[in-house]
Structure formats: C-alpha cells, structure tokens
Amino acid sequence: DSGVTQTPKHLITATGQRVTLRCSPRSGDLSVYWYQQSLDQGLQFLIQYYNGEERAKGNILERFSAQQFPDLHSELNLSSLELGDSALYFCASSRSTGSYEQYFGPGTRLTVT
Amino acid sequence: AQSVAQPEDQVNVAEGNPLTVKCTYSVSGNPYLFWYVQYPNRGLQFLLKYITGDNLVKGSYGFEAEFNKSQTSFHLKKPSALVSDSALYFCAVSLYNFNKFYFGSGTKLNVKP
C-alpha cells in the first residue's frame, strides 16, 4: 500500500459526459501528479501540483483540468468525454519535486461508452 | 528536449539467470534517474533512484542499477531472476529544479520457470 488513495476505482460513463477523479496524497507529500495510461500510448504525464499551485503541464487536453485543494487532495476533471479517453488514470505524490520518488495510487479505470 | 528510452518492449529470461532491462536518457543537465515496476492492475511502485554519488545503486527486491554518464544509460539489473519479477518496468528521468518527470515506454519482463 503506497498510502495514496484514488476514488473511484472504476468509472463507466457515456461520451460527452463529465467526470471527476479524486486523489489523496500520502501524509506529508506536497506534490501531486496525474498520469494517463492507455494500451497504445504508455504512461503519459498530464499535470503536476505542488502545495496547491500548478507546477508543470504535460500532454493534458484542454477538456481536462485539475486542481489541488488546501488539504492537498487533488481532483482531475475530464469533460466532453470521448471514446479515446478510456484509460487508467493514476495519481502519484511525492515529498517535493526533482529528486524525490513518486508514490502511485491504485488508479481509476475510466471506460467511456 | 528531455527524453528517456527503453529500447526493448519485452525481455525474456529464465528463472535463476541474471536479468538486464535497458534504459537510456537524453537530458540537458544532470539527471535524476528512477526505476519503477508495475504489476498487473496495480499502480507503479518505486524500485530505486540515482541522484548523485556511487554509480551503482541498490533498491528493492534485490534490484540494482548502474548509472553510466558517458553512455547516458541507467540499466536495471538483478543477479538471479525470480518468476515473481515478471512485470512491467519503467525508467524515468527528471532534472534538478525541474518539475516534469519523463517516463520510458516500459519493458515487459517475462521470467520463465
């Protein structure tokens, strides 16, 4: 158990809908990262927050957004969902950035039908 | 551009034999290098990292990796493979004071009894 929790574990929704994925980092970790893992594209970095502020953006679509709250939990919002958004979404946390390893949650499997 | 490459999609090895999973990187500075393992339907787990110092780093489950600056490589090794080592392995790189992590495409390790 990494100490990172993600909810829900599974999510099935229709195209065009909006969903919110939630992540609680390990106690004491200030950084939260979001990743998308699909079969054909591997692990894609989406976005990082550090102590409530956005720090880095990766290949995140404009339809996707995220935030980190004062209690350090984070939410990833996915809107206008398309079939291609079906994937595993992972949250990871770390003490800080750079040299600190990340601890991954169990992931949320999103299926868009 | 920063990048990390895992040239082998899959590595097959017999139980008891040594294993190597290859990783090369391209960064414009001194890298921080990481290895993660992913078991089926699980999040990634941190194995080991190189920050500075001794080029040979030891990690969890008997794994080790050697940082080679001249060859820009960070290969993962284990002297004697176990069937339970079968999993997907990811190499990752980041830079000092740089917030993005770059993950390789992953290498599937198959250890046969």
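The values are calculated or read from the model by the stated rules, or taken from the named source; none is laboratory data. Predicted model only: the values in this text are computed from it and were never measured. Here the Cβ is made from the backbone with ideal geometry for all residues, glycine too, and neighbour counts use every protein chain on show. What goes into the accessible areas is simple: the full protein's heavy atoms, side chains included, and nothing from ligands, DNA or RNA. Shrake-Rupley method; radii C 1.70, N 1.55, O 1.52, S 1.80 Å.
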Of residues in the stretch B:38-70 being among the aliphatic types (A, V, I, L, M) and open to solvent by less than 50 Å² (accessible area, probe 1.4 Å), the one farthest from A:Gln37 (Cα to Cα): B:Val57
Wholly enclosed strands (runs of 3 or more DSSP E) of the stretch B:1-95 bearing at least 1 residues polar (S, T, N, Q): B:3-5, B:10-14, B:19-21, B:24-26, B:31-38, B:44-50, B:64-68, B:73-78, B:87-95
Residue among B:Pro79, B:Pro31, B:Pro113 that alone is more than 20 Å from A:Cys91 (Cα to Cα) and within 11 Å of another protein chain (Cβ to nearest Cβ): B:Pro31
Qualifying residue in the stretch B:56-64 (condition: more than 9 Å from the chain's Cα centre (by Cα) and closer than 18 Å to B:Gln10 by Cα): yes
The stretch B:99-110, subset in contact (Cβ under 8 Å) with a residue 24 or more places away in the chain and open to solvent by 20 Å² or more (accessible area, probe 1.4 Å), residue farthest from the other protein chains (Cβ to nearest Cβ): B:Asn110
Residue count, the stretch A:24-37 (criterion: more than 11 Å from chain B (Cβ to nearest Cβ) and either surrounded by 14 or more Cβ atoms within 10 Å (Cβ to Cβ) or without any contact (Cβ under 8 Å) to a residue 40 or more places away in the chain (or both)): 9
Residue count for the stretch A:11-26, restricted to those that are among the aliphatic types (A, V, I, L, M) and farther than 18 Å from A:Phe69 by Cα: 3
All positions within the stretch A:71-96 that are surrounded by fewer than 19 Cβ atoms within 10 Å (Cβ to Cβ) and under 15 Å from A:Ser31 (Cβ atoms): A:Asp71, A:His73, A:Arg95, A:Ser96
Some residue of the stretch A:98-110 being touching a residue at least 60 places away in the same chain (Cβ under 8 Å), of a type outside the set (Phe, Trp, Tyr) and open to solvent by 40 Å² or more (accessible area, probe 1.4 Å): yes
Qualifying position, being in a strand (DSSP E or B), more than 11 Å from every other protein chain (Cβ to nearest Cβ), open to solvent by less than 20 Å² (accessible area, probe 1.4 Å) and at pLDDT 95 or above, among A:Leu21, A:Leu11: A:Leu21
